[in-house]
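Encoded as structure tokens, the structure appears first; notes follow it.
The values are calculated or read from the model by the stated rules, or taken from the named source; none is laboratory data. Remember, predicted model here, so these are calculated numbers, not experimental data. Each accessible area value is taken on the protein alone, full model and side chains, heavy atoms only, with ligands, DNA and RNA left out. Shrake-Rupley method; radii C 1.70, N 1.55, O 1.52, S 1.80 Å.
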Amino acid sequence: MRRFLIDTDTASDDAVAIVMALRQPDVHVEALTVVAGNVGLVQAVQNALYVVELCGEETPVHAGLAKPIMRTLETASEVHGEDGMGDCGLPLHGRTPADGRGVDVIVDTILGSPGEITLVCLGPLTNIAAALLRAPEIANAVGRVVVMGGTGVQGPGNVTAMAEFNFWADAEAASIVTGSGMPLEFVGWDVSITSAVVTQDRFHERDALGTPMAVFSRDVAQAVRRFAIGIGLEGDDLPDPIAMAHAIDPSVAEISRLHVEVMFGDGLQRGAMSIDKIGSTGATPNVDIVTHYPSDHFFEMLFDALK
Ligand code: RIB
Ligand code: CA
């Protein structure tokens, strides 16, 4: 069994990514740690608890940090809906998270099983940065770190022309994590809009599954689908699910290993990546950037999880 630890700002696409991991036969999800991002922390925790219950699992859900390290929280409720789950009327309240702070759970889980944990990051990197500040040694103890974040080698951004939401929301955290020495694999928004867009054909293919989980993944995405089509995409894209697909099966990904720094502060550089594409800085490459993930393979994995 492979052992995953998932950090999430649980909105509609996070939820589908979590379902993929919970339903993957050879993956054990140790815990979910929750971070503020798409929605506030309290709502993100309730959304994560709902998904775990929907999957019939006992996976512990731990609340992490409620705001970025240096900034006020700016959510994406205009994208995913006020509740982050499409405002489709799900009962996303009244559940109780596990004891233990998310940052402590990240540190203890990784140090407790050196080399064995795959950390999958689906939201702003606030919890991960805090864990690194508390215990820098997790950088060498963690097995893999798969991050939905950034804009790949070529872009585009989805908040600004150069920045993707998870890196933009807490740019300082993204900078700390990128410079930490962790074994980083970035799956950017470029991969999502290239290979994980729920086109009309994919929408109907998913409907044809006729399963409760297929209906769930459609309903929670109704707000983000309206938003995505409004900005000219053929349908809602699934950034966290395709990052989770890469975590589960990295064998089909095309990778460029490059030196990456994430810029912070305010202005256009906030959350943008400085990528040394030709090695001109002499800096040691520190990130495996996924430059392509086959769409057919992704949707086959996704629909297997929704069956
Ligand atoms: O930019 C896409 C990322 O921001 C995804 O993780 C989505 O859930 C939002 O958090
Ligand atoms: Ca997310």
Exercise. How long is the gain from Thr211 to Asp99 if the chain were fully straight, where each residue apart is worth 0.36 nm and the alpha carbon distance is subtracted?
Worked result: 37.0 nm
Exercise. Mean residue ellipticity at 222 nm from the helices of the chain, using -39,500 (n - 2.57) per DSSP H segment of n ≥ 4 over the full residue count, to the nearest 500 deg cm²/dmol?
Worked result: -11000 deg cm²/dmol
Seminar exercise, completed: the chain, Kirkwood Rh and Cα Rg, ratio Rg/Rh at 0.93
Problem set entry | Rounded accessible area per residue of the chain, 1.4 Å, Å² | 38
Exercise. What part of the accessible area of the stretch 186-296, given as a whole %, is carbon or sulfur when the probe is 1.4 angstrom?
Worked result: 54
Problem set entry | Whole-percent carbon and sulfur share, accessible surface of the stretch 1-108, 1.4 Å | 52
Problem set entry | Selected from Val187, Val145, Val27 as most flexible by GNM, with the chain as the system and alpha-carbon contacts under 10 Å | Val27
Exercise. If amide H atoms are built 1.01 Å from N in the plane of the peptide, which residues on other chains or at least 5 residues away come under 5 Å of the amide H of Thr10?
Worked result: Val35
Problem set entry | Built amide H within the under 5 Å cut-off of Ala31, gap 5+ | Ile6
Exercise. Around Gly157, which amide H atoms from residues at least 5 apart in sequence, or from another chain, sit under 5 Å from its own amide H, with H modelled in the peptide plane?
Worked result: Met162, Ala163
